[in-house]
Amino acid sequence: MCGIVGYIGSSNARNIIIEGLKKLEYRGYDSAGITLYNLSSNLFNIYKDIGRVSTLSKTTHNILSNIGIGHTRWATHGKVNAVNAHPHQSSSGRFIIVHNGVIENFKQLKNQYLKNHIFISETDTEVIAHLIDSFSTIMDVEKSIVSTLNLLQGSYALLSIDNKDPNTIYAAKNKPPLIIGKDEEGVTITSDILALAGYAKTYHVLADKTFVVSKKDSVKLYDYDLNELQVQFDEFNFDIKSSEKGIFEHFMLKEIHEQPTVIRRIMKKYIHDSSININQSLLNDLKKSSRIYILAAGTSMHAGIVGKKIIEDLIKKPVEAHIASEFAYNTPLIDPNAFFILISQSGEIADLRTCLTKLKNKIIKH
Ligand code: GLU
């Protein structure tokens, strides 16, 4: 799952999107693209190619637009090439979309609903644009999008633009993150909070299966039956410096050097006058538990293995460290009094998320 940034407002959309996509480069990607409104043709132009955001930045440097959506792709379906890069467009050209994630039933949707549509890419994503387009011949845009969303199985964070209406961005998500930021100038919608730094005074993290209709000065949220939802925006105070590489050549190097500061910050939070203060209900749950599971992946799994040793020595209870991807799809028998620690690097590791959903369902059922 890679990066998404969309903007609508009175500022230069191209600058905000390109800058946002650059901030998300740390996640890795294989291609990048953007669509921006062209005031002379009254249509959205698409710029996309394999390679870096800096190339995209050069191709679009003189374009002024107040609305646009951009994407960095990490290919899951189809080769890494310019055609498969996002944004994707419906066959009539009306709808343009960017998508993070995987549409698991895209083949079935193609066969069932889109037999006469010509697909130009190999992606699962393109099916979304065609479906919206095909529904839009018999219903309004909002209904066309939610009808499409109701058919999708899998994971998605997506933004859509309608060539007939350069004043609206539509968004929806299921599983991968999507966050809305607002200030007096406009609205930014992104898959990663880093891209909001500098462009948001308030923000809202979208829940799964939420549909968004955003104008430059209004953001409305709906469920997939088009019932309007209440939305609360929280104050955005994000330390922009922590999102930049600073004097370091790589983010990894920066994070290694930050370790002593981070440990000091954690100790300061929990240790007061040489006593350790930890949430009492958490401690009670830990005391009641018969076994502790640590679920993690990659580097956090290494931390988990170290944690297992330390926790077993300290509290004399058995601790198991599991790789989240194994645990999610091959869940062992779980002790009913188990205590779980899930360690995520970025907060959006799909396997850990699956573990958490499975565990919560189990707990609710019992
Ligand atoms: N599944 C889509 C593709 O292969 C999106 C990949 C992504 O999340 O970047 O194009």
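Just to verify a result, which residue in segment 19-37, among those that are part of a helix (DSSP H, G or I) and not acidic (D, E), is nearest to the ligand (Cβ to nearest atom)?
Taking segment 19-37 as the starting set, the residues that turn out to be part of a helix (DSSP H, G or I) are 19-23, 25-27.
With not acidic (D, E) added as a condition, the list becomes 20-23, 26-27.
Working: G20: 15, L21: 12, K22: 16, K23: 16, Y26: 15, R27: 10 Å.
Result: R27.
Does I145 fit the bill of being in contact (Cβ under 8 Å) with a residue 12 or more places away in the chain, part of a helix (DSSP H, G or I) and β-branched (V, I, T)?
Working: in contact (Cβ under 8 Å) with a residue 12 or more places away in the chain: yes; part of a helix (DSSP H, G or I): yes; β-branched (V, I, T): yes.
Against the criterion (in contact (Cβ under 8 Å) with a residue 12 or more places away in the chain, part of a helix (DSSP H, G or I) and β-branched (V, I, T)), I145 qualifies.
Considering only residues of segment 293-341 that are without any contact (Cβ under 8 Å) to a residue 24 or more places away in the chain and charged (D, E, K, R), which is nearest to T354 (Cα to Cα)?
Among those residues, the one meeting the criterion is E326.
Determine whether segment 104-119 contains at least one residue that is under 16 Å from L158 (Cβ atoms) and of a type outside the set (A, V, I, L, M, F, W, C).
Of segment 104-119, the ones under 16 Å from L158 (Cβ atoms) are 104-106, 109.
Cutting the leftovers down to of a type outside the set (A, V, I, L, M, F, W, C) gives us 104-105.
Yes.
Of the residues V127, V80, V98, V102, only one is surrounded by fewer than 18 Cβ atoms within 10 Å (Cβ to Cβ), within 21 Å of the chain's Cα centre (by Cα) and either within 12 Å of the ligand (Cβ to nearest atom) or of a type in the set (S, T, N, Q) (or both); which? Even if it seems obvious, please write down each step before you answer.
Details: V127 fails: surrounded by fewer than 18 Cβ atoms within 10 Å (Cβ to Cβ); V98 fails: surrounded by fewer than 18 Cβ atoms within 10 Å (Cβ to Cβ); V102 fails: surrounded by fewer than 18 Cβ atoms within 10 Å (Cβ to Cβ).
The match here is V80.
For segment 25-35, which positions are touching a Ser or Thr at 6+ places or on another chain (Cβ under 7 Å) and crowded, with 24+ Cβ neighbours inside 10 Å?
Passing the criteria: A32, I34.
Conditions first: (1) surrounded by fewer than 22 Cβ atoms within 10 Å (Cβ to Cβ); (2) closer than 22 Å to I180 by Cα. D133 passes all but one, so which condition is the exception?
(2)
A quick yes/no check of all residues on (1) of a type outside the set (V, I, T); (2) touching a Pro at 6+ places or on another chain (Cβ under 9 Å); (3) within 14 Å of the ligand (Cβ to nearest atom):
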{"residue": "I4", "(1), (2), (3)": "no, yes, yes"}
{"residue": "N15", "(1), (2), (3)": "yes, no, no"}
{"residue": "N42", "(1), (2), (3)": "yes, yes, no"}
{"residue": "G51", "(1), (2), (3)": "yes, no, no"}
{"residue": "S92", "(1), (2), (3)": "yes, no, no"}
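Can you tell me how many residues in segment 53-77 are within 16 Å of the ligand (Cβ to nearest atom), in contact (Cβ under 8 Å) with a residue 60 or more places away in the chain and buried (at least 22 other Cβ atoms within 10 Å of the Cβ)?
5
Counting only residues that are in a strand (DSSP E or B), polar (S, T, N, Q) and within 25 Å of K110 (Cβ to Cβ), how many does segment 151-194 have?
From segment 151-194, those in a strand (DSSP E or B) are 154-162, 165-174, 179-182, 186-190; that's our starting set.
Next cut, polar (S, T, N, Q) only: 155, 160, 167-168, 174, 188, 190.
Now restrict to residues that are within 25 Å of K110 (Cβ to Cβ): 155, 160, 174.
Matching residues across segment 151-194 total 3.
What are the pairs with Cβ atoms under 7 angstrom where one residue, in segment 228-256, is over 22 Å from E19 (Cβ atoms) and assigned to a loop (DSSP other than H, G, I, E, B) and the other, located anywhere, is at pLDDT below 80 and of a type in the set (D, E, K, R)? Sequence gap at least six, or different chains.
From residues that are over 22 Å from E19 (Cβ atoms) and assigned to a loop (DSSP other than H, G, I, E, B), there are no pairs.
Among (1) within 23 Å of G3 (Cβ to Cβ); (2) touching a strand residue (DSSP E or B) at 6+ places or on another chain (Cβ under 6 Å); (3) not in a loop (DSSP other than H, G, I, E, B), there is one condition Y199 misses while meeting the rest; what is its number?
(3)
How many residues does segment 232-271 contain that are of a type in the set (S, T, Y) and exposed (fewer than 10 other Cβ atoms within 10 Å of the Cβ)? Can you show your working first?
Quick first cut of segment 232-271, residues of a type in the set (S, T, Y) only: 242-243, 261, 270.
In the following step, the residues that additionally are exposed (fewer than 10 other Cβ atoms within 10 Å of the Cβ) were identified as 261.
Looking only at that region, the number is 1.
Considering only segment 185-194, I want to know if a residue exists there that is surrounded by fewer than 21 Cβ atoms within 10 Å (Cβ to Cβ) and of a type in the set (D, E, K, R).
Checked against the condition, which is being surrounded by fewer than 21 Cβ atoms within 10 Å (Cβ to Cβ) and of a type in the set (D, E, K, R), segment 185-194 yields at least one hit.
Are any residues in segment 1-18 within 17 Å of the chain's Cα centre (by Cα) and touching a residue at least 60 places away in the same chain (Cβ under 8 Å), and if so, which ones?
M1, C2, G3, I4, V5, G6, Y7
Considering only residues of segment 77-135 that are small (G, A, S) and not in a loop (DSSP other than H, G, I, E, B), which is modelled with the lowest pLDDT?
Looking only at segment 77-135, we keep the residues that are small (G, A, S), and these are 78, 82, 85, 90-93, 101, 121, 129, 134.
Add one more test, that the residue is not in a loop (DSSP other than H, G, I, E, B), and what stays is 101, 129, 134.
Details: G101: 93, A129: 98, S134: 97.
Of everything passing the filter in segment 77-135, G101 is modelled with the lowest pLDDT.
Run D208 past the list (1) modelled with pLDDT of 95 or more; (2) over 19 Å from G9 (Cβ atoms); (3) not hydrophobic (A, V, I, L, M, F, W, C) and report the number of the one that doesn't hold.
(1)
The values are calculated or read from the model by the stated rules, or taken from the named source; none is laboratory data. Bear in mind that the values here come from a model prediction, so they are computed numbers and not experimental data. Note: ideal-geometry Cβ built from the backbone for every residue, glycine included; neighbour counts use all protein chains shown.
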